[in-house]
Amino acid sequence: QSDFNFAIADSLAPDFRGVSNLPQAGFNMHLMASYTLSRHLRLRFAPGLSFQDRGLNYAFDGQNDVVKRTEAVNLDIPLLLKWRTDRVNNWAGYTLFGIKYARDFQSQENVNQQLQTDNILRLQSGNIAADLGAGIDIFLPYFKFSIQATTEQGLINVLIPDDSNYANPLEYLKTRSFVISFCFEG
């Protein structure tokens with residue numbers, strides 16, 4: 001599930017009433033490489049693709065609410081540290097934390113707003129985020145199965161301030177996501 005962390009700007013248009021998040025579902029697929037640093041600590045590199053939609057609901061006086069959705073196809077390049085407990089029977093718990101660079105292939109960063117028939121919400125194509133999560137490793141006879149939950153908090157403002165009705169009310173936009181993952185390791 002993905003949405004935005006945002007702040008409303010101080011100077012607002014007189015007809016602007018508010019903006020709210022419309023969280024959307026998405027899908028991720030990643031490969032994983034792991035390097036053992038110590039008995040309990042591993043360095044993970046998990047590049048992959050993520051398909052994420054996010055939406056903002058704008059309210060203006062005298063108009064129906066306007067929903068602006070942003071669709072993203074990201075190339076994610078995360079670098080994570082995994083701290084795992086000792087194995088107890090066939091399972092072990094772990095925590096993850098790290099940083100991720102994401103490049104949006106569907107960004108409308110270079111679109112000329114003046115050539116559009118309707119204003120769009122433009123976002124930068126590059127993003128940096130912090131990842132934090134936890135999970136359980138389950139050791140099966142031929143492979144290891146893991147279930148993990150992670151949260152991503154964007155560290156940079158991805159909003160392009162282009163003097164549109166949808167960018168002006170916002171001071172900043174930062175991405176955030178909640179992801180449940182199922183991992184298979186040989």
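The values are calculated or read from the model by the stated rules, or taken from the named source; none is laboratory data. Since the model is a prediction, treat every value here as computed from it, not as a measurement. With ideal geometry, Cβ positions are generated from the backbone for all residues, glycine too; neighbour counts draw on all protein chains shown. Just the protein is used for accessible areas: all its heavy atoms, side chains included, with ligands, DNA and RNA removed. Shrake-Rupley method; radii C 1.70, N 1.55, O 1.52, S 1.80 Å.
Conditions tested, residue by residue: (1) surrounded by fewer than 19 Cβ atoms within 10 Å (Cβ to Cβ); (2) of a type in the set (Ser, Thr, Tyr); (3) touching a residue at least 40 places away in the same chain (Cβ under 8 Å); (4) farther than 23 Å from Asp53 by Cβ.
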position: Phe97; (1), (2), (3), (4): yes, no, no, yes
position: Ala102; (1), (2), (3), (4): no, no, yes, no
position: Gln108; (1), (2), (3), (4): yes, no, no, no
position: Leu132; (1), (2), (3), (4): yes, no, no, no
position: Lys144; (1), (2), (3), (4): yes, no, yes, yes
position: Ser164; (1), (2), (3), (4): yes, yes, yes, no
position: Phe178; (1), (2), (3), (4): yes, no, yes, no
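Screening Gln114 against (1) closer than 21 Å to Gly26 by Cα; (2) open to solvent by 70 Å² or more (accessible area, probe 1.4 Å); (3) at pLDDT below 95 leaves a single unmet condition, (1). If you check Ile138, Ile160 for being aliphatic (A, V, I, L, M), open to solvent by 40 Å² or more (accessible area, probe 1.4 Å) and more than 12 Å from the chain's Cα centre (by Cα), only one passes: Ile138. Scanning segment 1-29 for residues that are open to solvent by 70 Å² or more (accessible area, probe 1.4 Å) and either over 20 Å from Phe60 (Cα atoms) or not charged (D, E, K, R) (or both) yields a count of 7. Does Arg54 satisfy the criteria of being in contact with a Leu (Cβ under 9 Å, 6 or more places away or on another chain), in contact (Cβ under 8 Å) with a residue 40 or more places away in the chain and of a type in the set (D, E, K, R)? Judged against the criteria, Arg54 is a match.
Report whether or not Leu123 is at pLDDT below 95 and hydrophobic (A, V, I, L, M, F, W, C). Answer is yes for this residue. Please indicate, with yes or no, whether at least one residue in segment 30-51 is under 18 Å from Gln106 (Cα atoms) and open to solvent by 50 Å² or more (accessible area, probe 1.4 Å). Checking segment 30-51: at least one residue is under 18 Å from Gln106 (Cα atoms) and open to solvent by 50 Å² or more (accessible area, probe 1.4 Å).
Do we find that Thr151 is within 22 Å of Gly48 (Cα to Cα), open to solvent by 50 Å² or more (accessible area, probe 1.4 Å) and modelled with pLDDT of 95 or more in this structure?
In short, no.
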